[in-house]
Every structure is written in structure tokens, then in C-alpha cells.
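Worksheet: one structure, shown below.
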Amino acid sequence: MKEIIKIENLNKVYDTGAIQVHALRGVNLSVYEGEYVAIMGQSGSGKSTLMNILGCMDRQFSGLYELDGISISEQSENQLSSIRNKKIGFVFQAFQLIPRTSALKNVEIPMIYAGMKREERHERAKRLLEKVGLGERIYHMPNELSGGQKQRVAIARALANSPAIILADEPTGNLDTRASHEIMEFFTELNREGATVIVVTHEEDIAACTKRIIRFQDGQIIQDERVVKEEC
Amino acid sequence: MENIRLAASAIRANKMRSFLTMLGMIIGISSVIAIVSLGDTMRGVVANEYKNVGLGLAYVYINSQNDYYGESELFTQDEADRLKEAMGDSISYVGFNQSTRTDLKAGRRSSTVYVTGLAENPTAMKNPSIIYGRMLNDGDVQKKRHHMVLQKETAVNMFGTENAVGQTVEVKLNDNMEEFLVVGVYQNTDSALMKALQGGSMETVYVPESILVSEDSMMWSLYMIISDVSQMDMMKERIISFLSRTKHVERETIIMSSASEEMGMIDSMLGSLSAVVGAIAAISLVVGGIGIMNIMLVSVTERTREIGIRKALGAKTRDILIQFLVEAAMISAAGGMIGTALGISVVAIGGLAFGITTVVKLQVIVVAVAFSAMVGLGFGLYPARKAAKADPVIALRYE
Ligand SMILES: Nc1ncnc2c1ncn2[C@@H]1O[C@H](COP(=O)(O)OP(=O)(O)OP(=O)(O)O)[C@@H](O)[C@H]1O
Ligand SMILES: [Mg+2]
């Protein structure tokens with residue numbers, strides 16, 4: 001099986017002048033194509049720090065990180081933009097939709113930066129929104145959507161350029177239980193279709209939907225176990 | 001293309017703010033265009049006026065060495081005739097430009113006008129647009145006929161009709177009343193602005209100069225029309241030499257000036273005046289540019305999160321830079337275009353009010369709009385670069 005993520009001895013230090021925060025301490029991790037991973041751990045244990053590095057938004061680390069065979073620390077700023085655009089689908093806790101911009105336009109954004117033609121991305125954005133059950137609401141503005149609906153737009157957007165991996169940092173953190181389960185069902189469905197998914201969560205029952213749970217503490221992996229799949 | 005649509009929607013989302021930002025540009029551009037066009041219009045009016053007068057017009061006088069003006073400083077009719085003879089075809093007209101303010105009488109009606117004398121070849125000096133009868137001719141001058149050409153308004157005033165040809169008018173000249181026959185009526189075609197500049201609307205009538213000037217009169221100055229304006233410098237030289245020789249005076253005391261020189265002076269004066277005022281107005285463009293920079297900085301800060309999202313989704317530094325540059329350029333270009341329209345309308349309305357044909361040069365518009373777009377790009381660059389350099393992780397966390 002193909003190794004999508006390969007991390008060796010990853011260290012990350014935040015230098016805020018007065019104090020230095022050692023957010024990641026020698027993390028080793030491999031994620032293979034088609035895996036469905038949950039990352040858990042106390043607040044401040046370094047989960048988001050890891051996700052930002054995995055998402056190629058943060059290049060200030062030491063150690064090795066290869067995404068789909070590409071060594072990230074050797075890439076230029078612009079190359080990283082292009083990797084984020086084509087290989088990564090990011091879903092955030094705070095949705096991060098662009099305000100005053102329709103759901104359709106929001107989903108189109110990664111395709112615009114990928115240089116896709118107008119009609120083509122229009123069609124694709126529509127299909128993705130239908131897939132997440134928002135076919136009726138493609139022209140709604142973000143402030144006209146519920147939290148769960150916003151997160152579904154964000155998922156559609158993450159899928160825009162058929163990424164190699166989907167990274168979700170507490171995607172259900174702002175949602176109630178029902179909406180949370182709906183969102184998790186999408187990830188499960190995507191994984192069933194073959195997508196590689198990494199989800200950060202605080203909730204055990206959310207993590208239980210996945211196939212592998214990694215636990216963090218003080219910037220280190222303290223447990224990495226495969227779970228016997230129960231239905232969510 | 002996508003950037004233009006994006007910028008348009010950003011501008012639309014903040015209509016009032018965008019308009020206020022444009023206002024600086026609008027005021028700057030419209031005042032530059034109005035001022036520079038006003039200057040060009042004035043130059044056009046002056047050039048036109050000198051063309052009416054004739055650029056070949058020149059006059060000469062002799063400065064006295066000792067405050068006493070005698071035969072050697074003043075001119076007689078005989079000397080004028082000799083000068084014309086000596087210069088042949090190079091001079092089409094020589095006269096004294098005699099003009100007196102006096103009363104005309106016809107029956108019980110009277111009117112105060114300027115009576116202006118014209119020498120031989122009168123149309124070389126004045127070529128008014130005749131609406132009835134004819135202009136004075138050489139015969140009138142040579143034979144000292146008491147003929148007169150009236151201005152239309154004078155004719156109406158005196159005879160109640162524009163066509164006063166054939167009527168007789170009494171004119172008070174040197175304490176004598178002399179009778180004149182009206183041979184023609186002309187219409188004053190000066191622009192309203194020119195009339196205003198000449199100070200009111202005193203009417204002018206033309207008579208043969210030979211009637212106003214007697215054989216032994218001594219005159220201060222000679223007026224002449226040089227046939228070929230391009231030969232002006234050479235002709236000046238010839239005329240000064242001739243006068244210095246015949247009147248036995250130093251060349252330096254002979255002062256000669258021409259309409260083309262005067263026009264050149266006035267034209268360059270107006271030109272530099274409108275350039276200076278235009279430059280001052282251009283400063284307001286810079287102020288407008290600072291307004292754009294200010295609002296773009298606010299916009300970048302407000303949209304930090306949006307920038308973060310776009311970068312996380314794969315926008316390159318260049319994409320963000322272009323997005324904000326296009327927005328700044330569009331605001332200033334829109335302001336520039338509205339300002340151009342406003343400036344042109346101000347000039348057009350002003351021209352209508354003064355009854356003059358206005359001049360709005362295309363290159364003024366092109367330069368003004370190009371300059372405004374440059375100002376937009378220049379002042380948009382700093383905010384746009386600030387936006388483009390944002391770190392996605394930090395920008396996403398921005399509240
Ligand atoms: N930009 C930053 N500058 C300085 N320190 C930071 C920064 N971001 C995170 N940290 C620190 O790094 C450590 C790990 O933070 P991180 O956000 O990765 O935790 P987390 O596991 O995601 O927590 P949570 O569950 O609350 O989201 C924390 O101690 C945090 O204070
Ligand atoms: Mg976190």
C-alpha cells in the first residue's frame with residue numbers, strides 16, 4: 001500500500017520571544033492510502049500544530065515530512081501553495097467559508113487556483129454540493145446556512161481538487177451531536193470510497209467511527225491503535 | 001478575469017466606502033482636466049483673436065533721447081507712404097491706427113462710438129464681416145471720401161434698421177461736424193469672452209484714415225501688416241534699418257513689436273500658468289491615491305481571514321497580490337473615468353456659458369486617466385503586498 005504521509009523525528013518549537021514552547025517532540029508517523037485516522041489528546045497537546053504541518057501551512061519544523069513522496073521542507077512557498085491546492089483537502093473547526101460569497105463560489109475557489117475552466121468548475125462544484133446534500137442551497141451565502149450546512153460546504157470545498165488526503169481539525173467541534181454524526185458519516189463514506197482521512201477530535205464516539213486512533217500527550221504520540229470498526 | 005469579477009464584487013460589497021474612496025480621484029482628475037482644458041481653451045481664444053487681427057500686425061515707434069519729441073521721433077503721412085513704397089509687397093498696409101471716441105448724429109438720434117481710421121488696402125488691417133453694402137476701399141482712402149462702415153448695433157441704434165446703407169451721419173471731428181455717407185454695415189463676430197476682455201461693448205465704425213490725419217499731422221507710431229509672417233524677423237530688421245537711415249536716429253531708439261511676438265508671449269504665459277495650476281491640481285490626485293491606500297489597508301486587515309482561507313486553499317502569493325492590486329486599480333480607474341466625465345462636462349458647460357468653443361485635448365484625458373490608474377496601482381501595491389505575505393496559519397486564527 002502507498003505511504004501518503006511519512007514523518008520521522010518531527011520537532012516543532014514555537015518561539016514567542018520570552019518563552020519557547022516545544023509543541024511537537026520527535027513524532028514518528030506513517031499513514032497509508034485509504035486509512036481513516038483519528039487524532040486525540042488533551043488541549044494543548046500539539047494536535048493542531050501537527051495538522052498545520054501535515055497541511056503544508058507551516059514549514060517551520062525540524063525532521064522529515066514527506067507527503068505523497070514529496071519532501072515538504074524542500075519546497076518553495078509557491079510550491080507549497082500548489083501542494084495545498086492539489087493534494088490536501090482541509091476542513092476546519094471554524095468552517096472558514098469566505099463571507100458574502102455563495103456556497104457554490106466557495107467550493108469553486110480551490111478550482112480557480114488550480115486554473116480550471118469556468119464551466120467545468122461550476123459543474124463540479126454543483127455536483128459536490130449535491131453530494132453533501134446541499135443541491136438546493138448552492139446560491140446561499142454562508143450566513144444563511146446552519147453550522148452543519150456550513151461544514152458540509154467546507155467538506156465539498158475540501159474535495160474540490162480530488163486531494164490525496166483529507167485533514168479535518170475538530171470538524172465537529174462547533175456542532176451539536178446530530179450534526180456531528182452527519183458530518184462523520186460523510187467522512188466515513190468518503191473513506192469507504194477510498195479517500196485517506198485524518199480527523200482531530202476530543203470525543204471518543206467520534207473517534208470510534210475511524211479505523212485507527214492516535215493519542216497525543218505533550219507533543220508526543222503515546223498510543224497508536226487499530227480499532228475494530230463499530231457502526232456510527 | 002476572475003480577479004476583475006472578484007474586485008468588482010468587493011467594491012460592490014462596500015458601495016459607499018468605495019465611492020468615498022473614489023471621490024478623491026474624481027475631484028483630482030476632474031480639476032486637472034478642467035484646468036488644463038481651460039488653459040488650452042484660453043490659448044485657443046487668444047490664437048483665434050490674433051488670427052483675426054492678423055499675426056502680421058506690427059507697430060513701430062521711436063523713443064526720444066531727451067524727453068523732447070520732435071520731427072525725428074514722430075511720423076508724417078509722407079513718411080508712412082515712403083516706408084510702404086520702399087518695402088513694396090512685403091508690407092500690405094501702413095497706417096497710424098487712428099481712433100477717437102466721438103459722437104455720431106443722425107436727425108435727433110446720436111450715439112457715442114469709436115471712429116477708427118483705415119489707410120490704403122483697408123481689408124489687410126480690418127476685415128469685418130459685412131452684412132450690407134461694402135467695406136471701405138482704396139478709392140475711399142485716396143480721394144478722402146466721407147464714407148463710413150457702421151457696426152450693426154450702431155445702425156439699429158441710429159436708424160432703427162440694420163441696413164443703413166445710403167444714410168448720412170454727422171460726426172464731430174476736431175470740433176467740426178462732418179457729414180459721412182454709410183456705405184456698409186458689419187457684424188461683430190468676436191466671442192462673448194473676447195468682448196468681455198475688451199471691456200464692454202463700445203461700438204466701432206470705420207472711416208478712411210486720410211480724413212482723420214492731415215498732411216502735417218505728426219504721429220507717435222506706425223502700424224503695418226507684414227505680408228509674410230514667417231519673414232517677420234527679417235522685415236523688422238529691414239524696417240528698423242530704413243527708419244534709422246531716413247530719420248537719422250540710432251537703431252536702438254527704434255522700438256518695433258509684432259502681434260506674433262505678443263501672441264507667443266501670451267501663449268507661453270497661459271501655457272505655463274495652466275501647467276502650474278494643473279500641477280497643483282495633480283497633487284490632489286496624490287491625495288486621492290493616499291485615500292485609496294488607506295482604504296485598501298483597512299480592507300486587507302478586515303479580510304485577513306479571507307486571505308488566510310484563500311492561501312490555505314492554494315492561492316499563491318501572486319494570486320493575492322493581483323487580487324488586491326486589481327481592486328485598487330479598479331477603484332482609481334473608475335474614479336478616473338467619472339472624474340474625466342465630470343471634468344469634460346464642467347469645461348463644456350463653462351464653454352456654453354461664455355459662448356466659446358472649448359478645447360479638451362485627448363492627450364490630457366489619456367494622461368489623466370493613466371496617471372490615476374498608476375496612482376491606484378502605486379498606492380495599492382503596499383497594502384496588496386501586505387496581504388500577499390500573510391501567513392495562512394496566523395491569518396486563519398485572526399478574529
Ligand atoms: N502560534 C503559536 N505560538 C506559540 N505557541 C503556540 C502557538 N500555537 C500553539 N502554541 C502552543 O503549542 C502547544 C500545542 O498547541 P496546539 O494548538 O497544537 O494544541 P491542540 O492539541 O490543538 O489543542 P486544542 O485541543 O485545544 O486545539 C500549546 O501549548 C500552545 O500553547
Ligand atoms: Mg487544536
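The values are calculated or read from the model by the stated rules, or taken from the named source; none is laboratory data. Quick caveat, the model's predicted, so the values are computed rather than measured. Note that we place each Cβ from the backbone using ideal geometry, even for glycine, and neighbour counts take in every protein chain shown. Quick note on the areas: whole protein, heavy atoms, side chains included, nothing else; ligands and nucleic acids left out. Shrake-Rupley method; radii C 1.70, N 1.55, O 1.52, S 1.80 Å.
Points worth noting:
- Model label points for B:MET202 and A:ASP224, set 7 angstrom from Cα along the Cα-to-Cβ axis, are 10.8 nm apart.
- Reach of A:LYS131 by Cα under 14 Å, taken over aspartates and glutamates that are not fewer than 8 positions away in the same chain: A:GLU123, A:GLU182, A:GLU185, A:GLU189, A:GLU193
- Note on A:GLU119/A:ILE70: beta-carbon distance plugged into 1/(1 + (r/R0)^6) with R0 of 35 Å gives a FRET efficiency of 0.65.
- Rg and Dmax of the range A:87-199, both derived from C-alpha coordinates alone, stand at 12.8, 39 Å.
- For the range B:308-323, accessible area lost to neighbouring protein chains reaches 10 Å² or more, against the chain alone with a 1.4 Å probe, at B:ILE309, B:ARG310, B:LYS311, B:ALA312, B:LEU313, B:GLY314, B:ALA315, B:LYS316, B:THR317, B:ASP319.
- Expected-Rg normalisation [2.2 N^0.38 Å, Cα atoms] applied to chain B: 1.53
- For chain B, the solvent-accessible area with a 1.4 angstrom probe is 49 square angstrom per residue.
- Dipole of the range B:57-258, positive direction: furthest Cα of B:ASN63, B:THR116, B:ASN163, with charges on the beta-carbon: B:ASN163
- Applying 1/(1 + (r/R0)^6) with R0 = 41 Å to the Cβ-Cβ distance of B:VAL276 and B:SER241 gives a FRET efficiency near 0.55.
- Estimated dipole of the range A:37-195 in Debye, rounded to 20 [Cβ of Lys and Arg +1, of Asp and Glu -1, Cα centre]: 400
- Coordinate range along principal axes, alpha carbons of the range B:57-258, Å, largest first: 54, 37, 33
- For the range B:260-399, convex hull of alpha carbons as volume per residue, Å³: 117
- The distance from the alpha carbon centre of the range B:161-192 to that of the range A:57-124 is 91 Å, rounded to a whole number.
- Where A meets B: accessible area buried, both sides, 1.4 Å probe, Å²: 2000
- Inter-part distance where the range B:319-368 and the range B:100-148 are each reduced to a Cα centre, Å: 49
- Computed lengthening from B:ARG82 to B:LEU181, 0.36 nm per intervening residue step minus Cα-Cα distance: 32.6 nm
- Lysines whose Cα lies under 20 Å from that of A:LYS211, excluding same-chain neighbours fewer than 8 positions away: A:LYS2, A:LYS6, A:LYS47, A:LYS229
- Histogram of C-alpha separations across the protein assembly as shown, 20 Å bin width, %: 15, 29, 17, 13, 15, 11, 1
- Candidate cross-link partners of B:LYS172 among the lysines, defined by an alpha-carbon separation under 29 Å and a same-chain spacing of 8 or more, comprise B:LYS105, B:LYS126, B:LYS143, B:LYS144, B:LYS152, B:LYS195.
- Fraction of accessible area attributable to carbon and sulfur, the range B:57-258 (%, probe 1.4 Å): 43
- Along the axis of the charge dipole computed for the protein assembly as shown (Cβ charges of +1 for Lys and Arg, -1 for Asp and Glu, origin at the Cα centre), the listed residues B:LEU297, B:ILE35, B:ALA333 are led at the positive end by B:LEU297.
- Both numbers refer to the Cα atoms of the range A:1-155; Rg and Dmax are 17.8, 52 Å.
- Each residue, B:GLU2 and B:LYS389, gets one label point 7 Å from its Cα in the Cβ direction; the gap between the two is 2.6 nm.
- Put simply, the range A:140-188 fits an ellipsoid with semi-axes of 18, 15, 8 Å; these come from the alpha carbon gyration tensor as the roots of five times its eigenvalues, largest first.
- By accessible area, using a 1.4 Å probe on protein heavy atoms only, chain A has 45% of its surface on carbon and sulfur.
- Think of the range B:57-258 as having a plus end and a minus end, set by charges on the Cβ of Lys, Arg, Asp and Glu; of B:MET177, B:THR246, B:GLN77, B:MET177 sits farthest toward the positive end of this dipole.
- Longest exposed-site-free window of chain B, the sites being trypsin sites (Lys or Arg not before Pro) in a DSSP loop that have at most 16 other C-beta atoms within 10 Å: B:145-360
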